[in-house]
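Report on the structure given below.
The values are calculated or read from the model by the stated rules, or taken from the named source; none is laboratory data. Nothing here was measured: the structure is a model prediction, and the numbers come from that model. No Cβ is skipped: glycine too gets one built from the backbone with ideal geometry, and neighbour counts run over all protein chains shown.
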Amino acid sequence: MRENFTDKEWTTLLQAPSQAIIGVVLADRVDPVSFLQELKAGVAIVAEELQRKDIAGDLAPLLVSGIAELDAADPLKGEQLLLKKQFEILGLIQTFKSSKEGRDLAIAHLQKVGASLDTKVTGAQASEAKQWLMSVVVKVAEAYREGGILGLGSSRVSDKENEVLRKMSAALGVDY
């Protein structure tokens, strides 16, 4: 199934989880500590997804194994690799002129992913891959409680994150 995609399209698919993290962490204006904790949680969630063996479908497990192969080729392992990924995402975020630009680019990336999946694989395969990616996005958004004081009055997903999640799901063409 990998052969259905050009190298550029495949790279775009493999970058989708990182782009999803960017979109979510840039949804809210939060203090630097909260921002970094949410980023760290997002990278950890994607790493956990790479360990799963129960992902449904044909394409989503192939994407997971593709990302895992890239990680396996990296000389860093474990916590060092996770930290490297955090710094890579931070480096990319620093290139944006604004949080809105970063969010918009992440959503545009997911639109490319959705369009590529819609034209290169069966509807069922595309749907499974999109659903998996959206589940990762939601886990990232839910990973760090937003607002409140000492956890009181906080919510799992902020209103601004919900807005980004709706835009991401629309970009992928799936329900949220």
Inset, instruction - Output the residue which, of all residues in region 96-143 that are assigned to a helix (DSSP H, G or I) and among the basic types (Lys, Arg), is nearest to the chain's Cα centre (by Cα). - result: Lys139
Inset, instruction - Return the residue satisfying two criteria in turn: it lies in region 11-38 and is small (Gly, Ala, Ser) and more than 12 Å from Glu161 (Cα to Cα), and of such residues it is surrounded by the fewest Cβ atoms within 10 Å (Cβ to Cβ). - result: Ser34
Legend entry - Sole residue being surrounded by fewer than 21 Cβ atoms within 10 Å (Cβ to Cβ) and out of contact with any His (no Cβ under 8 Å at 6 or more places or on another chain), chosen from Gly114, Gly102, Gly91: Gly91
Inset, instruction - Considering only region 55-72, state which residues are exposed (fewer than 12 other Cβ atoms within 10 Å of the Cβ) and at pLDDT below 95. - result: Ala56
Legend entry - Options Asp28, Asp54; residue that is farther than 23 Å from Lys112 by Cα, touching a Gly at 6+ places or on another chain (Cβ under 9 Å) and in a loop (DSSP other than H, G, I, E, B): Asp28
